[in-house]
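We did not get these values from a lab; they are worked out from the coordinates using the rules stated. What you are looking at is a predicted structure, and each value in this text was computed from that prediction instead of being measured. As a convention, Cβ positions derive from the backbone with ideal geometry for all residues, glycine included, and neighbour counts pool all protein chains shown.
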There are 2 protein chains.
Amino acid sequence: MAGEDSNKGKKKEVKKETGLGLSSKKDENFGEWYSEAFFDAEIKKKKIKNSYFPLFVSPGVLQKEKDHIEGFAPEVAWVTKTGESDLEVPIAIRPTSETVMYPYFSKWIRGHRDLPLRLNQWCNVVRWEFSNPTPFIRSREFLWQEGHTAFATKEEADAEVLEILELYRHIYEEFLAVPVSKGKKSELEKFAGGLYTTTVEAFIPNTGRGIQGATSHCLGQNFAKMFEINFENEKGEKAMVWQNCWGFTTRTIGVMIMVHGDDKGLVLPPKVAATQVILIPVTYKDANTQGIFDACAATVKNLKESGIRAEADYRDNYSPGWKYSHWEMKGVPLRIEIGPKDLANNQVRAVRRDNGAKTDIPVANLVEEVNNVLASIQQNLFDVAKQKRDACVQVVKTWDEFAEAISQKKLILAPWCDEEDVEKDVKARTKGEMGAAKTLCSPFDQPELPEGTLCFASGKPAKKWTYWGRSY
Amino acid sequence: MAGEDSNKGKKKEVKKETGLGLSSKKDENFGEWYSEAFFDAEIKKKKIKNSYFPLFVSPGVLQKEKDHIEGFAPEVAWVTKTGESDLEVPIAIRPTSETVMYPYFSKWIRGHRDLPLRLNQWCNVVRWEFSNPTPFIRSREFLWQEGHTAFATKEEADAEVLEILELYRHIYEEFLAVPVSKGKKSELEKFAGGLYTTTVEAFIPNTGRGIQGATSHCLGQNFAKMFEINFENEKGEKAMVWQNCWGFTTRTIGVMIMVHGDDKGLVLPPKVAATQVILIPVTYKDANTQGIFDACAATVKNLKESGIRAEADYRDNYSPGWKYSHWEMKGVPLRIEIGPKDLANNQVRAVRRDNGAKTDIPVANLVEEVNNVLASIQQNLFDVAKQKRDACVQVVKTWDEFAEAISQKKLILAPWCDEEDVEKDVKARTKGEMGAAKTLCSPFDQPELPEGTLCFASGKPAKKWTYWGRSY
């Protein structure tokens, strides 16, 4: 699985974690990875079973598929010593689990009734990056799910690739409020050893970079050949399986942070926020402190009973203003303040994290109104992100337009001849400080390509519209 | 966290995985770890938050607490090389996460309003065992949850230790149908650096060995001192936190397998079986194959809609008899056969995995009856396991009785003076082929200890009843 692409050694100009008010990527806010729950339930409906395979891989197995290991070799971490003793044979920490799992596929699959075999695992993998790690985007250890499946026919494999890709789109757009483009990777950018790679691509307007959100690969029969994953088909003949693999990682969190974050810190979409609503008692001297605290507690209870993830910040060593900033920095979608006036009027004051809008909500309508506001925040985050992303899209038809658009950090849509050498050439011509431009994907949703349209880079007849840009 | 004790280099006579019909510990049957779902929901009710900390630890931090690292040093796996390059400073793979997490506790905790801080993580840890790894019981990588909490007062910490221990008991007895004894570890057996350790101890009658099921430790203030985890209390004074840590591991699966497994393979309690009911169409020549397949499909649908984890084995290259053995080996609690006679009589035949009992269930009562049978299997597994375990308990009062009981693989309950040197002496005197005997725990549920009762080993006045035995 190439859940994260292998594009190294470039200068990056991303927001630093400090700029986002995160003291550390180990922040407990992301301990609950809400998209995990959604995805896990969905793949279970598809009868994909969860499994767990070991962290360690022996060098013999790891190096079995030469193209595959070539892609990962520079990043593999090796355990050579335990306690005070050197190991006779060093072992690798999995950078991905094809080589760990497929020897078992070969054992477990005998006849067509054993197919499809569809396994998934939630685990950590390690890829030792040379360039500066970026929290959540490119880190030496990351968490992901990796699905590995085997089918009797290419048709079934093809269908699954798209079904899974649709789940990834759903996670990005419906949960993380991040617009993505579904498409196919170029031959140069596809998973090494695979047949073809599909992707959901996001874009970060601030930095003008594309980012691979998640990938769903059809491996074809290449790994089946290497690992001898054969079966007896319905006619009693020996056949080779068709395989897919697909994954999404904690990079989703990084993309979400970069797309929505602002100068005050994180902005979390309600569907994935561990805390959706934070209650702040606003107690000045002379205020009925106990009454306000009780109102906060009652509000939290009411919201929680309705399934809203709410909590209150009763700390007495911080002022309300300090708490506002604190919870804004943590990205909580909705703040509810309860002060003396609110208590008197039997209302609460709600302040949105996304646009700062304030409304007074009568206690009688609390749950309904809060649910409405949260839904509105979720939608607004997506709409704003989509507007910003769409505003970056630049259609180009010539090399000059392309070069200009790249310098303006655009997400470029260009007619392309779909030739590998031409992509290599574009990369070479755009190499520099900021990193080379490359294909992001050819969107499934293709604009019309009039007869006679030429490739922006080679001048040959264009075969498709393709997104280009710098990327993470 | 010392979720698994550190008792090395002993000969073990456990069932081998092959004896259980497991082709590999990587079997996908355990991909769903049902006790995880229960435990995770319960700790969330207690406002314990999930988090994730890195796999790697720098040597500097790892070695900060000398007693702690001494216990783990021989088992630590070191990454010294990535790709083709040697690392300047090798890094360790976490054997447990105190040293990874507590530096952050020190940063995050300032005032009493920051307490309690209660975090949990589900992750993998690595402890490089020298003795032969035993699947699920002692493996070089294992999965666990580790909870790490900090409180303002010892009283709160003490209370949590027991609350968590009760959850562990619940997992073993209510989910895994394995009887355990709650108790306290001796000074010799407690977590190094901690204040005291509580445990749920299971026993494997076949091998006559105790096994630590899960542990809940009060760390006292020792780690707080080392890592400077201080806070300003309500009076404005500087104080040190009280800490706990607690964990249960995939060892639970090994204990369950050893307690319930039989010569046919696994026997899984219904509450934790990924597949609770397996449907086998019994189609001989002349049978109405389609009718039987349809009945199987309808039955699976019916059961699944009622929340029962059912599936059917339609493979046509295996006989019904082969499938019976296959699913028995996998431990599926209930088999349902549908053959021509069942079809004619509008019934199904149900066969229990635990005791082989067969009943015919009218289709009209299917869900209710299946639920009843599954509940009965769950209860019966626990009852049988408890009877077997209780039959192994031997009360001894003298050294001779003790030595005899050890040779008979008993779970020994003996009056003890509770002195560390005496336990060391007992270990030394029982050392041999089979491993030394040691304390398992002093059960919270203490029988009466009459005035004047003497320690079985030292002849000094006994202070408590304690379980002794060989252990994993």
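Could you grab the Rg to Rh ratio for the stretch B:316-402? Cα atoms only, Kirkwood for Rh.
Working: Rg = 19.1 Å, Rh = 15.6 Å.
Rg/Rh: 1.23.
If you stretched the chain out fully between A:SER376 and A:GLU237, how much longer would it get, using 0.36 nm times the residue separation minus the C-alpha to C-alpha distance? Display every interim value, and only then the final one.
Working: separation 139, 0.36 × 139 = 50.04 nm, distance 5.71 nm.
Full-extension gain reported as 44.3 nm.
Taking the Cβ-Cβ separation of A:GLU163 and B:ASN206 as r and a Förster radius of 51 Å, what is the calculated FRET efficiency to the nearest 0.05? Kindly include the intermediate steps, with their values, before the conclusion.
Working: r = 46 Å, r/R0 = 0.91.
After rounding to 0.05, the efficiency reads 0.65.
Under the √(5λ) rule applied to the eigenvalues of the Cα gyration tensor, what semi-axes describe the equivalent ellipsoid of chain B? Give them in Å, descending. Write out the running numbers ahead of the final one.
On the way: eigenvalues 381, 163, 96 Å².
In descending order, the three semi-axes are 44, 29, 22 Å.
Evaluate the relative contact order of chain A (contact order divided by residue number), counting alpha-carbon pairs under 8 angstrom at least 6 apart; express in whole percent. Let's see the in-between values first.
Details: 930 pairs, mean separation 71.5, N = 472.
Value for chain A: 15 percent.
Count, for each residue of B:45-56, the Cβ atoms from other chains sitting within 10 Å of its Cβ, then give me the mean as a whole number.
Working: counts 0, 0, 1, 0, 5, 6, 7, 11, 5, 7, 9, 5.
Per residue, the average neighbour count from other chains is 5.
Once the Cα atoms of helix A:34-45 and of chain A are each reduced to a long axis, what angle between those two axes, in degrees from 0 to 90 to the nearest 10, is obtained?
It works out to around 50 degrees.
Tell me which residues come under 5 Å, amide H to amide H, from B:ILE109 once H is placed; ignore anything under 5 positions away on its chain.
Those lying under 5 Å, H to H, from B:ILE109: there are none.
What translational diffusion coefficient, in µm²/s and rounded to a whole number, does the Stokes-Einstein relation yield for the stretch B:325-472 at 20 °C and a viscosity of 1.002 mPa s, taking the hydrodynamic radius as the Kirkwood radius over Cα pairs?
On the way: Rh = 18.9 Å.
For these conditions, the coefficient is 113 µm²/s.
Counting other Cβ atoms within 10 Å of each Cβ, which GluC sites (Glu not before Pro) in the stretch B:83-134 have at most 12 and sit in a DSSP loop?
Values: sites: B:GLU84, B:GLU88, B:GLU98, B:GLU129; in loops: B:GLU84, B:GLU129.
Passing sites in the stretch B:83-134 are B:GLU84.
For the stretch B:80-120 and the stretch B:379-440, write down the distance between their C-alpha centroids in whole Å.
39 Å
What does the copy distance list look like for A:ARG113, label position 7 Å along Cα→Cβ, in nm and ordered from shortest?
Result, one decimal in nm: 6.6.
Would you mind putting B:145-156, B:417-428 in packing order, based on average other-beta-carbon counts within 10 Å, highest first? Don't skip to the answer; put the middle values down first.
Working: B:145-156: 20.4, B:417-428: 15.9.
Answer by packing, highest mean first, reads B:145-156, B:417-428.
Between B:ALA41 and B:ASP294, what is the label-to-label distance in nm when each label sits 7 Å out along the Cα-to-Cβ direction?
So the two model labels end up 3.7 nm from each other.
What order, most packed first, do the peptides B:341-351, B:262-272 have when packing is the mean number of other Cβ atoms within 10 Å of each residue? List each step's numbers first, then the result.
On the way: B:341-351: 16.7, B:262-272: 20.7.
Result, highest mean Cβ count within 10 Å first: B:262-272, B:341-351.
Compute the length gained on full extension between B:THR80 and B:ALA357: take 0.36 nm times their separation in residues and subtract their Cα-Cα distance, giving the result in nm to one decimal. Before the final figure, lay out the partial values.
Numbers: separation 277, 0.36 × 277 = 99.72 nm, distance 5.67 nm.
Once the chain is fully extended between B:THR80 and B:ALA357, it gains 94.1 nm.
If you put a point 7 Å past Cα along the Cβ direction, how far is that point for A:LYS397 from the same point in each other copy, in nm, smallest first?
Label point to label point, same position, other copies: 10.4 nm.
How big is the stretch A:30-103 along each principal axis, measuring the range of its Cα positions in Å and listing the largest first?
Taking max minus min along each principal axis of the Cα atoms, the stretch A:30-103 gives 44, 30, 20 Å.
Using Cα centres only, tell me the gap between the stretch B:154-218 and the stretch B:292-337 in whole Å.
37 Å
Evaluate the distance, in nm, between pseudo-label points positioned 7 Å from the Cα of A:ALA192 and of B:ASN365 along their respective Cα→Cβ axes.
Each label point lies 7 Å from its Cα, and together they span 6.4 nm.
Using a Förster distance of 41 Å, how high is the FRET efficiency between B:TRP399 and B:ASP67, based on the Cβ-Cβ distance and rounded to 0.05? Working shown, then result.
Working: r = 32 Å, r/R0 = 0.78.
The value I calculate is 0.80.
Output, in nm with one decimal and in ascending order, the distances from the B:ASP360 label point to the matching label points of the other copies (7 Å from Cα along Cα-to-Cβ).
7.5
Averaged over peptide B:121-127, how many Cβ atoms belonging to another chain are found within 10 Å of each residue's Cβ?
3
One-quarter of the Cα convex hull surface for the stretch A:202-284, in nm²? Write down the numbers at each step before the final one.
Numbers: hull surface 40.9 nm².
Mean orientational projected area (the stretch A:202-284, Cα hull): 10.2 nm².
Amide H neighbours of A:VAL200 under 5 Å, at least 5 residues apart or on other chains, H built in the peptide plane: list them.
Sorted by chain and number, the residues that satisfy this are A:GLY213, A:ALA214.
In terms of modelled amide H atoms, which long-range or inter-chain residues lie less than 5 Å from the amide H of A:TRP246?
When sequence neighbours closer than 5 places are left aside, the close amide H contacts are A:GLY147, A:HIS217.
Tell me the volume per residue, in Å³, of the convex hull enclosing the alpha carbons of the stretch A:289-346. Don't jump to the answer; show the numbers that get you there.
Values: hull volume 5.1 nm³, N = 58.
Value for the stretch A:289-346: 87 Å³ per residue.
List, in the order given, every pair from A:LYS46/A:LYS235; B:LYS47/B:LYS185; A:LYS184/A:LYS438; B:LYS424/B:LYS460; B:LYS182/B:LYS460; A:LYS409/A:LYS438 whose Cα-Cα distance in the structure shown is over 18 Å. Numbers along the way, then the final one.
Values: A:LYS46/A:LYS235 27 Å; B:LYS47/B:LYS185 27 Å; A:LYS184/A:LYS438 13 Å; B:LYS424/B:LYS460 15 Å; B:LYS182/B:LYS460 26 Å; A:LYS409/A:LYS438 13 Å.
The answer is A:LYS46/A:LYS235; B:LYS47/B:LYS185; B:LYS182/B:LYS460.
Using only C-alpha atoms and all pairs of different ones, pull out the Kirkwood radius for the stretch A:83-161 in Å with one decimal. Display every interim value, and only then the final one.
Details: mean 1/r = 0.0646 Å⁻¹.
Computed over the stretch A:83-161, the radius equals 15.5 Å.
May I ask you to derive the relative contact order of the stretch B:146-202, considering only C-alpha pairs under 8 Å and at least 6 residues apart, and to give it as an integer percent? Don't skip to the end; give the middle numbers.
Working: 46 pairs, mean separation 17.0, N = 57.
30 percent.
As an exercise, identify the chymotrypsin sites (Phe, Trp or Tyr not before Pro) in the stretch B:242-292 lying in DSSP coil whose Cβ has no more than 12 other Cβ atoms within 10 Å.
Listed in order of number, the matching sites are B:TYR284.
Rounded to whole Hz and in sequence order, give me ³J(HN,Hα) for the stretch B:258-271 from the Karplus expression 6.51 cos²θ - 1.76 cosθ + 1.60, θ = phi - 60°, writing x for Gly and Pro.
With coefficients 6.51, -1.76 and 1.60, one gets 5, 6, 9, x, 9, 5, 8, x, 6, 10, 9, x, x, 5 Hz.
Tell me which lysines have Cα within less than 16 Å of B:LYS64's Cα, excluding those fewer than 8 residues away on the same chain?
B:LYS225
Calculate log10 I(q)/I(0) of the protein assembly as shown for q = 0.05, 0.08 Å⁻¹, where I(q) comes from the Debye formula with a single equal point scatterer on each Cα and nothing for solvent.
-0.34, -0.89
Which of the peptides A:49-57, A:275-283, B:385-393 is most tightly packed, and how do the rest follow, going by the mean number of other Cβ atoms within 10 Å of each residue? Working shown, then result.
Working: A:49-57: 20.1, A:275-283: 23.7, B:385-393: 15.4.
Ranking the peptides A:49-57, A:275-283, B:385-393 by packing returns A:275-283, A:49-57, B:385-393.
Could you line up A:PHE444, A:PHE203 from fewest to most neighbouring Cβ atoms inside 10 Å? Kindly include the intermediate steps, with their values, before the conclusion.
Numbers: A:PHE444 12, A:PHE203 29.
The most exposed by this proxy come first: A:PHE444, A:PHE203.
Could you work out the helix-only [θ] at 222 nm for chain B, with each DSSP H run of four or more residues adding -39,500 (n - 2.57) and the total divided by the number of residues, to the nearest 500 deg cm²/dmol? If you can, show how the numbers build up before the last one.
Numbers: 13 runs with 147 residues, N = 472.
The helix contribution divided over chain B gives -9500 deg cm²/dmol.
Cysteines without a disulfide-compatible partner in the protein assembly as shown, using Cβ under 4.7 Å as the rule?
For the protein assembly as shown, the answer is A:CYS123, A:CYS218, A:CYS245, A:CYS296, A:CYS392, A:CYS441, B:CYS123, B:CYS218, B:CYS245, B:CYS296, B:CYS392, B:CYS441, because their Cβ atoms have no other cysteine Cβ under 4.7 Å.
Enumerate the lysines that A:LYS341 could reach by cross-link, defined here as Cα to Cα under 26 Å, with residues fewer than 8 away along the same chain left out.
A:LYS285, A:LYS301, A:LYS304, A:LYS323, A:LYS358
Return the inverse of the average 1/r over all pairs of distinct C-alpha atoms in the stretch A:65-108, which is the Kirkwood hydrodynamic radius, in Å to one decimal. Walk me through the numbers on the way to the answer.
On the way: mean 1/r = 0.0823 Å⁻¹.
It works out to 12.1 Å.
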